[in-house]
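Readers should treat all values here as calculations from the given coordinates under stated rules, not as data from a laboratory. Because the structure is predicted, anything quoted here is derived from the model rather than measured. All Cβ positions, even for glycine, are placed from backbone atoms using ideal geometry, and neighbour counts span all protein chains on display.
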Amino acid sequence: MADIESVLKESRIFEPPSTFRQAAHVKSLEEYRALYRRSVDEPEAFWGEQAESLRWSKRWERVLEWDPPFASWFVGGCLNLSENCLDRHVATWRKNKAALVWEGEPGDTRVLTYHDLLREVCRFANVLKALGVVKGDRVGIYMPMIPEAAVAMLACARIGATHSVVFGGFSAEALRDRMNDAQARVIVTADGAYRRGAVVPLKANVDAALAGAPSVENVVVVRRTGEEVPFHAGRDHWWHELMEAASAQCPAEPLDAEHPLFILYTSGTTGRPKGVVHTTGGYLLQASLTMKLVFDVKDEDTYWCTADIGWVTGHSYVVYAPLANGATTFMYEGAPNHPEPDRFWRIVERHGITVLYTAPTAIRAFVRWGEQWPRKHDLTSLRLLGTVGEPINPEAWMWYHSVIGGGRCPIVDTWWQTETGAIMITPLPGAIATKPGSGTLPFFGVEPEVVDKDGHAVPPGAGGYLVIKKPWPSMLRTVYGDPERYVETYWKRFPGIYFTGDGARRDADGYFWIMGRVDDVINVAGHRLGTMEVESALVSHPRVAEAAVVGRPDELKGQALVAFVTLQAGIALNEGLRAELKEHVVKEIGAIARPDEIRFSEALPKTRSGKIMRRLLRDIAAGRDTIGDTTTLEDYSVLARLREEEE
Ligand code: WTA
């Protein structure tokens, strides 16, 4: 609880600057409060009005059908998301406005206007059709941060294929499991991706994955690095060859508001990632409205969200929401410290970035690299900053505010999840005063609450579980192929109420302070990892008998992964094995899951019913004395032995 206490002592408060306020979409706390009240008193009327801002090919009959915990929004309505992101703007003066500005890691750049992007999307939609993809099919996307990734997503949306983007840092095994779960028919990839000057062999990973993923019939490969890659005749195709032959005309398919737009796999508390399913109308509405009001986006902005498209932030706030608003979205391919630690600031200056949305873990890295790097560049184009992914410590917030924002840019600390689809708790930068470390107040239509273990609201200042009491338009609809798991994971703990898995407090001003996960999910460098996934990976190694993985506080990454491992009988301990186990996890999941520390132990602390006592392991990993109840511990001596075993 030490981190939470320090956050709670935070008493600085930053009012929206008056120049910002005057030009903002929402200009005062009173305006926010009035709209918020209406949005929760009459949610259907509120969302129905907001939905008028989208283009529908058929109007909805009912705004919400709530059959707990299954929601349908804009029932009977039809629309197409790519049409809302592209055709709508091409019919206006925005036709020749930059939709996507991109910079590759080597420094190459590309600009696609709305007109260009629409043509590319139509052509790729025709490519997919020619490969036999029809409405309802799943398409895997395993790509670097290049414009073709956005084109592939929008092309799927155009024809009603459901995409499943897999982060390019995931291993072949992780890709295979996701493609099998989704039963994808096509994978879109690239020969490789640039990362810190090296090449990540995406195509080779796809080849390895496909040895065990029989549903995939075709692979489309973008030529990015020019590396030689093996080609499987009949299955593999070059993107540029297929595109050359494809027509730039492709009508947008009118889709039901509840048509599944994408499946995104995310970590949960069991070994198997969950396929979070998002649909079309409600998702687009909440993503685009939050974009407009939270990032206060205007036509003049050059907006940069640094997330990879492999995460939900990249889906909602790199691709769909900015384009739905007719904004200019900026995309960068590579690492923040390549070739030097000023790469982000060089980009801000070069492209005149006005709104920057990044993660606390990145900000902590910048703090560590030193102020001299941002100081080398003119950052005066920036007018608004944002963060997402984990709680931001007040010191990092202050650094972001003064060194990057020059003291003049509001910071929007946005809380949301893969499951929520769009931002849920956040400041509106012209209306809500910020406190470093707090996500402040709920967005319109969102009713969060902090409750105790019985589901009763706790008083201000008290910690508890963060829940959402009412359905919201961009909520997940189910877990792909497993509705029971959807019910079990999110709606069972507090019946009829959505459980976020996060702990939180609400202060006397009604501001939310997120305390982090309360389940077996940990947040490493802003990425969600299920400890069970890492444990299953470890146990799949022939020498491992049992493993327990916990998080320990880490200055840079937020949390670091510590694995307690029991070896099979008769296996000798050695340093080589430690390294081998770490690499084994990288192979099974990807580098983001590499344990920071492996501790060998003869046994793990368990309750009498055989449950591993992770709370104790967390204390040990953090070097804390074990406090609290250990009476259910099966073999107390295990604890003492674990403590002695240091890496
Ligand atoms: C955490 C990312 C504190 C939280 C959009 C949540 C945050 C998980 C914040 C979701 C924030 C996200 N402050 N914690 N502003 N934003 N989180 O699914 O624990 O990758 O449950 O979605 O990140 O991570 P996910």
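Averaging the sequence gap over all C-alpha pairs within less than 8 Å and six or more residues apart, then dividing by the number of residues, gives segment 130-216 a relative contact order of 34 percent. Extending 7 Å from Cα along the Cβ direction at Arg594 and again at Arg615 yields two label points whose distance is 3.4 nm.
Per-residue Cβ neighbour counts within 10 Å put Ser267, Ser11 in the sequence Ser11, Ser267, beginning with the fewest.
Beyond a 22 Å Cα-Cα separation, which of these cross-linked pairs lie in this structure: Lys274/Lys453; Lys129/Lys587; Lys97/Lys298; Lys274/Lys587?
Cα-Cα > 22 Å for Lys274/Lys453; Lys129/Lys587; rest within.
Could you let me know the centre-to-centre spacing of segment 461-528 and segment 123-195, using Cα atoms, in angstrom? Centre-to-centre (Cα) distance: 29 Å.
For segment 10-126, what does the alpha-carbon gyration tensor say about shape, rounded, prolate or oblate, given a ≥ b ≥ c as the root eigenvalues, a/c under 1.5 as rounded, and a/b over b/c as prolate?
Oblate shape, in that a/c is at least 1.5 and b/c is the bigger or equal ratio.
Once both labels are positioned 7 Å from their Cα atoms along Cα-to-Cβ, the gap between Ala572 and Val539 label points is 2.8 nm.
Applying both filters, DSSP loop and at most 15 other Cβ atoms within 10 Å, to the chymotrypsin sites (Phe, Trp or Tyr not before Pro) of segment 434-486 eliminates every site. Compared with the direct C-alpha span, the chain from Arg235 to Ala211 gains 7.4 nm at full extension, assuming 0.36 nm per residue.
For the chain, the relative contact order works out to 13 percent when only alpha carbon pairs closer than 8 Å and six or more residues apart are counted. Once the Cα-Cα distance is subtracted from the 0.36 nm per residue extended length, the Trp93 to Ser402 segment shows a gain of 107.6 nm.
Between Arg55 and Arg110, what length in nm is gained on full extension when 0.36 nm per residue of separation is reduced by their alpha carbon distance?
Values: separation 55, 0.36 × 55 = 19.80 nm, distance 2.86 nm.
Full extension of this stretch gives 16.9 nm more.
Computed over the chain, the per-residue total of -39500 (n - 2.57) for DSSP H runs of n ≥ 4 gives a 222 nm mean residue ellipticity of -8000 deg cm²/dmol, rounded to 500.
Extending 7 Å from Cα along the Cβ direction at Thr269 and again at Ser247 yields two label points whose distance is 5.3 nm. Using a 4.7 Å Cβ-Cβ cutoff, the cysteines of the chain lacking any partner cysteine are Cys78, Cys85, Cys156, Cys305, Cys409.
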